[in-house]
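Written below as structure tokens is the structure these notes are about.
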Amino acid sequence: MPSTAPAPTPVELSPRRRRALLGVVALALMMVVSAVSGLNVALPDLALATGATQTELTWIVDAYTVVFAGLLLSAGAVGDRFGRKGILLAGLALFGAAAGMAMTVDDPQTLIALRGVMGVGAAAVMPVTLSVITTSFPPEERGRAVGVWVGVAGGGAVLGLFASGILLELFDWSSFFGLNVALAVLALLGTLVVVPSSRDPHRPPLDPVGGVLSVLTVAGLVFGIIEGAERGWGDAWTLSSLAVGAVSLVGFVWWELRREHPLLDPRLFRLRGFGAGSLALTVQFFGSFGLFFVILQYLQFVTDLSPLQAALCLLPLPFVLIPVARNAPRVADRLGTNRVVALGLTLSATGMLVLTGLTTDLRYWHVALGLVVFAAGMGLAGTPSTTAIVSSLPQAKQGVASAVNDVSREVGSAVGIAVLGSTITAVYRSGVSGAVEGLPPEAAERAEASIAFVRLAADRLGPAGEQLLDTAEAAFVDAATTAFVVAAVVQLVAAALVLWLAPRKGQVRASELEDALAGS
């Protein structure tokens, strides 16, 4: 079992250096998060320049996510053992080098491989950024520092969209990877200067079997979820991937329960903070990345905004989320983690329900209202959830706690996109099926599969095209409404569970940790 020895004293840093350290890890985290969201803005230009097929475009995005999510847990443990600063530097260097190479290639298969390498670097960076905070800040400052981390993790996706949109107004698609390189270089230089060296003083042996099983579990499930939305849930690849993930998960639990020094002791999920925090984060990112997936298509395909204009429409998210996330720890200390996280999930669900009132005509005040309520809920729930996870484990095990935190986010994101994407596909197809009668079979099939095709082809179809576009826009709005309802229901159910399961206090009792590890 993991060591339960007293946690080491946090690294002694001056207040000025702690502020600089927080800025550096926030920059590194921004790099990782924006690499997921910002690429979506560049995909149309990238497809034209490289000749990538739709399947290749999907993998240019997904290669990063699958590798990233699959390696997160192992990367946190490696950072604990060999030194967090060294792993952070290696991850930044690898990420930046792969992004730099991506700027110079025009072959889709090479881009897919380089995005996978970027995912390896990102997996080394993300869990270490949080564990550096939790081992460098004293307890009285740790909650606010984690709040900044949560705000950047949530708002960074929108800021990445915004930055990519600006670059694409001025340069070609490769400028997105140039942004990745610039962020990696700045974060690497900052890490060299201000991030202290730290590691697990007990240096337990590594768990390569557990590491492989964790990679297969997360990668198999994420791959299957993503491909389920693209290929169908009955497809052989989808079912095979989900089966690999499920079998590996069972094997991982079986193996870890028998290890003296497990990569992740499954019994830790009996801890109220650890289990409820992981659930809350998974559902939060289910909602947030599902929201990005739906609302960006609505803004571009239905209301006909440019990528930059669509990104600008989402700016209320970070401006609300970041300050709320920074102050959420004080609210949780006064009211209890369970109440604050449940309230945050309920507010996020309310924001989704507000967005069910969207129409084919853009009423931005309506969009902004839904986004503000959603962002307030995410900021309110995110910081206490993350704090509950990292506070549940000894300080020497913060790399694993941070990795579980990050895996919850990545799996939640993948599930959100898959579930809400499948919902949109089914409702949209049903809505336009009658309107495509009379079209050539290939055109009808493409129109049922994507509103983007309808928008591009409408002008060439004359009056029939205008009618088809009106029908497609209305069908997509109906599909978006259904997706928002699904997301809201999931969040409300999670809110009820968190209210019951999460700790009333922000800190986990030592006796609770001992009871969980003892199996009582």
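The values are calculated or read from the model by the stated rules, or taken from the named source; none is laboratory data. Please read all numbers here as calculations on a predicted model, not as lab measurements. Virtual Cβ from ideal backbone geometry, glycine too; neighbours counted across all protein chains shown. Calculation scope for accessible area: heavy atoms of the full protein, side chains included, ligands and nucleic acids excluded. Shrake-Rupley method; radii C 1.70, N 1.55, O 1.52, S 1.80 Å.
Here are some notes:
- Helix axis angle, 139-170 relative to the chain longest principal axis, alpha carbon, degrees: 30
- Whole-percent carbon and sulfur share, accessible surface of segment 128-236, 1.4 Å: 70
- Projecting the Cα atoms of 214, 94, 21 onto the charge dipole of the chain (Cβ charges, centred on the Cα centre) puts 21 farthest toward the positive pole.
- Evaluated with a Cβ-only charge set (Lys, Arg +1; Asp, Glu -1), the chain carries a dipole of roughly 2440 debye about its Cα centre, given to the nearest 20.
- With every protein chain in place, segment 68-112: carbon and sulfur % of accessible area (1.4 Å): 70
- Estimated distance in nm for a label pair at residue 449 and residue 104, the labels positioned 7 Å out from Cα along Cα-to-Cβ: 3.5
- Solvent-accessible area per residue for the chain (1.4 angstrom probe, square angstrom): 39
- Net length gained if the chain between residue 442 and residue 243 were fully extended (0.36 nm per residue, minus Cα distance): 68.3 nm
- A protection proxy built from the mean count of other Cβ atoms within 10 Å ranks the segments 330-340, 120-130, most packed first, as 120-130, 330-340.
- With a Förster radius of 25 Å applied to the beta-carbon distance between residue 356 and residue 496, the computed FRET efficiency rounds to 0.75.
- Figure note: 347, 257 ranked by solvent-accessible area, largest first, 1.4 Å probe, ligands and nucleic acids not counted: 257, 347.
- The listed peptides 301-310, 479-488, 173-182, ordered by packing as a protection proxy, come out as 479-488, 173-182, 301-310 (highest mean of other Cβ atoms within 10 Å first).
- Segment 268-396 - percent of accessible surface contributed by carbon and sulfur, probe 1.4 Å: 65
- Net charge of Cβ neighbours under 14 Å - reference residue 107; Lys, Arg +1; Asp, Glu -1: -1
- The listed residues 30, 352, 101, once ranked by accessible area (1.4 Å probe) with the largest placed first, stand as 101, 30, 352.
- Potential extension, residue 81-residue 319 segment - 0.36 nm per residue separation minus Cα distance: 82.0 nm
- Residue 306-residue 185 FRET efficiency (beta carbon distance; Förster radius 30 Å; 0.05 resolution): 0.55
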